[in-house]
């Protein structure tokens with residue numbers, strides 16, 4: 001079963017962090033179809049978070065079709081995010097490593113690399129939306 | 001949904017000094033509300049008015065649909081844990097539970113005993129011999145076992161060490177999940193509130209600066225940075241909360257319900273702490289004119 005943790009410094013709200021952690025576990029194959037998520041009460045106690053926040057996160061995952069709530073039984077994983085893209089992670093990581101090596105060779109330090117990546121990522125994401 | 005806490009033009013004056021002024025609130029039931037503000041802002045005054053320990057100088061306050069402390073039925077609806085989680089030092093834990101059973105209509109003794117057992121406390125122990133964390137847990141037990149609709153907690157974790165603080169909040173959140181309690185808790189630390197609460201009230205200098213659903217507030221506040229310019233030139237829907245300028249750059253914290261399209265701004269998201277601090281930092285005079293527009297209701 002997945003164990004949640006919250007980072008107060010992450011910048012993401014507790015609700016977003018819970019959603020991200022489930023998606024992350026689904027993407028990496030740590031959660032599989034049929035797995036039960038911890039109950040709202042369990043999560044509320046474990047990470048000292050508002051039960052409404054957990055409910056909201058689970059509802060969002062349900063809307064995305066990733067989990068389904070069975071009243072009185074629990075919330076179960078109905079779809080995983082791992083299958084399609086997991087195979088391409090290896091080659092993409094290789095590309096990224098090559099790009100990182102290039103960036104270092106060009107004299108960029110870690111901070112510049114991160115800044116460059118994030119601005120490019122944000123710009124690209126913004127163009128996709130627009 | 002019905003309101004668990006509703007105040008209209010609520011005010012409280014101690015001799016010459018206003019501790020709370022012009023307070024309008026409408027908090028839906030089922031929420032965990034964080035009341036934040038610096039020391040002396042009026043947090044305890046508001047909570048004492050809500051619990052019926054104080055009576056208003058002006059305006060009205062309604063809690064769970066009735067005037068606070070106006071009879072046994074109304075008293076049974078609201079649990080109140082005052083600042084520093086007071087208990088009776090000379091009485092044992094068992095005495096506290098016995099007293100709870102005698103004084104409360106809806107007392108759940110099984111729940112109280114189970115909680116004390118789970119905390120590993122001895123029923124014969126006197127409250128005066130408990131640690132700060134244990135005393136807070138005893139006070140929380142009394143508050144929960146009374147099975148109120150609304151539990152009010154005044155700075156419940158301020159005096160606790162980080163571990164006891166964590167344990168207290170875990171138990172409180174579990175109780176909220178289990179008993180569908182509404183909670184109002186005050187704190188001068190935003191970090192206490194960010195996890196546990198889904199609704200926040202910011203109180204500064206005896207006035208409510210902003211109140212609303214936390215996710216809504218986070219979604220509609222942004223930091224804008226860009227070349228220096230006059231904040232008055234912003235579109236009508238963008239309300240400036242704070243502004244700072246260098247000779248070349250302007251940084252604004254704005255509230256807006258629509259997306260910021262102006263390409264000259266770099267728009268970055270804000271955490272709850274940034275937002276709360278901004279409302280605390282801005283001059284109170286400016287607040288008076290704009291405050292009603294800042295309420296986020298959904």
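Considering only A:54, A:73, A:22, the Gaussian network model of chain A with Cα springs below 10 Å gives its largest mean-square fluctuation to A:73.
Here residue B:262 and residue A:28 are evaluated by their C-beta separation; at R0 = 35 Å the FRET efficiency comes out at 0.35. Remark: mean inter-chain Cβ contacts per residue of A:4-17 equal 3, using a 10 Å Cβ-Cβ cutoff to other protein chain atoms. Contact order, relative form, for chain B: 19 percent (alpha carbon pairs under 8 Å, 6 or more residues apart, mean separation divided by residue count).
For the range B:50-162, the spread of Cα coordinates along the three principal axes comes to 44, 29, 23 Å, biggest extent given first. Note on chain A: helix-only mean residue ellipticity at 222 nm, from DSSP H runs of 4+ residues weighted -39500 (n - 2.57) and normalised by residue number, equals -20000 deg cm²/dmol. Sorting A:13-19, B:235-241 by their mean Cβ neighbour count within 10 Å, with the most densely packed peptide first, gives A:13-19, B:235-241.
Across the range B:1-43, the convex hull enclosing all Cα atoms gives 69 Å³ per residue. Each listed q (0.10, 0.15, 0.22 Å⁻¹) maps to a log10 I(q)/I(0) for the range B:1-81, found by the Debye formula over equal Cα scatterers with no solvent: -0.22, -0.51, -1.09. Shielding by partners for peptide B:167-179, expressed as the average number of C-beta atoms from other protein chains within 10 Å of each residue's C-beta, is 5. Fraction of C-alpha pairs exceeding 38 angstrom in chain B: 20 percent, rounded to a whole number.
At full extension, residue B:55 and residue B:159 could sit 34.7 nm farther apart than now, given 0.36 nm per residue minus the alpha carbon distance. Here the range B:3-205 carries DSSP beta bridges of which approximately 45% are antiparallel, counting only pairs with both residues inside. Other protein chain C-beta atoms within 10 Å of residue C-beta, averaged over A:37-50: 6. Note on the range A:13-130: Kirkwood hydrodynamic radius from all Cα pairs is 16.9 Å, rounded to one decimal. For the range B:215-294, what does the alpha-carbon gyration tensor say about shape, rounded, prolate or oblate, given a ≥ b ≥ c as the root eigenvalues, a/c under 1.5 as rounded, and a/b over b/c as prolate? The shape class here is rounded. Is the C-alpha gyration tensor of the range A:1-82 telling us rounded, prolate or oblate? Criteria: a/c under 1.5 is rounded; beyond that, a/b larger than b/c is prolate, otherwise oblate. The shape class here is oblate. Sorting the segments A:90-101, B:214-225 by their residues' average number of neighbouring beta-carbon atoms within 10 angstrom, most packed first, yields B:214-225, A:90-101. What's the whole-number percent of alpha carbon pairs in the range A:84-129 lying beyond 13 angstrom? In whole percent, the long-distance tail amounts to 65. Write down the Kirkwood hydrodynamic radius of the protein assembly as shown, to one decimal in angstroms, obtained as one divided by the mean of 1/r over all alpha carbon pairs. Result for the protein assembly as shown, one decimal place: 24.2 Å.
Working from Cα pairs under 8 Å separated by at least six residues, relative contact order for chain A is 23 percent.
A short reminder: the numbers here are calculations on the coordinates, not readings from a lab. All values derive from a computational prediction rather than experimental measurement. Reconstructed Cβ throughout: ideal geometry from the backbone, glycine too, with neighbour counts over all protein chains shown.
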